[in-house]
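Before any comments, here is the structure.
The values are calculated or read from the model by the stated rules, or taken from the named source; none is laboratory data. Fair warning: this is a prediction, and the values are worked out from it, not measured in the lab. Don't worry about glycine lacking a Cβ; one is built from the backbone with ideal geometry, like all the others, and counts go over all protein chains shown.
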Amino acid sequence: MTRPPRGIRNHNPGNIDRGRDRWQGMADDQSGDPRFIVFEAPEWGIRAIVRVLRSYRDRHGLGTVRGIIARWAPPAENPTHAYVAFVCDRLGIGPDDPIDIDDGLTLRTLIRAIVRKECGPGPLPDGDWYEAAVLDDGIRRAG
């Protein structure tokens, strides 16, 4: 069996960079990755995705796929245009259409798209990495 991608191994499927903040569910031992946060379980990594998305909306006023993904995966480091197109295709909306992350289906679809783009195709149907219960638990932990 091939080694899972970095985001899956770190239980950080959004590949959230390490910073000064101490995240809930952050593993005590961060030595396994020099750049990205290592979480104790995938639910904590999913929680972090939700918290970052809410911060983008509430602190930065980002309410479109183009705005969110340009901040999540900036063009200096990523093929952002392709990332935006991928997420828009999954959501069935345009890059500048408003997105409501308080809508459960929209949020789950957005998380799945981010995880798929960050980690590649997973072993579950539709290329997902996590069952619905794991996603729902991560979302619940975000409050």
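Put simply, of Pro121, Pro75, Pro125 the only residue that is modelled with pLDDT under 95, under 18 Å from Pro13 (Cα atoms) and not acidic (Asp, Glu) is Pro125. Is it the case that Gly143 is over 29 Å from Arg20 (Cβ atoms) and either in a loop (DSSP other than H, G, I, E, B) or free of Cβ contacts under 8 Å to residues at least 24 places away in the same chain (or both)? It is false that Gly143 is over 29 Å from Arg20 (Cβ atoms) and either in a loop (DSSP other than H, G, I, E, B) or free of Cβ contacts under 8 Å to residues at least 24 places away in the same chain (or both). Of the numbered criteria (1) in contact with a Ser or Thr (Cβ under 8 Å, 6 or more places away or on another chain); (2) more than 15 Å from Ala70 (Cβ to Cβ); (3) among the aliphatic types (A, V, I, L, M), the one Ile111 fails is (1). For region 85-141, the tally of residues that are over 21 Å from Arg57 (Cα atoms) and either small (Gly, Ala, Ser) or buried (at least 20 other Cβ atoms within 10 Å of the Cβ) (or both) stands at 8.
Out of the residues in region 29-69 meeting the condition of being touching a strand residue (DSSP E or B) at 6+ places or on another chain (Cβ under 9 Å) and under 19 Å from Ala85 (Cα atoms), tell me which one is surrounded by the fewest Cβ atoms within 10 Å (Cβ to Cβ). Ranking the candidates gives Gly63 first. Somewhere in region 45-52, is a residue free of Cβ contacts under 8 Å to residues at least 40 places away in the same chain, basic (Lys, Arg) and within 24 Å of Glu131 (Cα to Cα)? The answer is no, given that none of the residues of region 45-52 is free of Cβ contacts under 8 Å to residues at least 40 places away in the same chain, basic (Lys, Arg) and within 24 Å of Glu131 (Cα to Cα). Among the conditions (1) within 11 Å of the chain's Cα centre (by Cα); (2) without any contact (Cβ under 8 Å) to a residue 60 or more places away in the chain, the only one that Ala27 does not satisfy is (1). Here the helices (runs of 4 or more DSSP H) wholly within region 13-119 that include at least 2 residues being over 20 Å from Ala142 (Cβ atoms) are 65-72, 80-91.
Before we move on, is Ala76 surrounded by fewer than 19 Cβ atoms within 10 Å (Cβ to Cβ), within 15 Å of the chain's Cα centre (by Cα) and either farther than 19 Å from Leu135 by Cβ or touching a residue at least 24 places away in the same chain (Cβ under 8 Å) (or both)? Against the criterion (surrounded by fewer than 19 Cβ atoms within 10 Å (Cβ to Cβ), within 15 Å of the chain's Cα centre (by Cα) and either farther than 19 Å from Leu135 by Cβ or touching a residue at least 24 places away in the same chain (Cβ under 8 Å) (or both)), Ala76 does not qualify.
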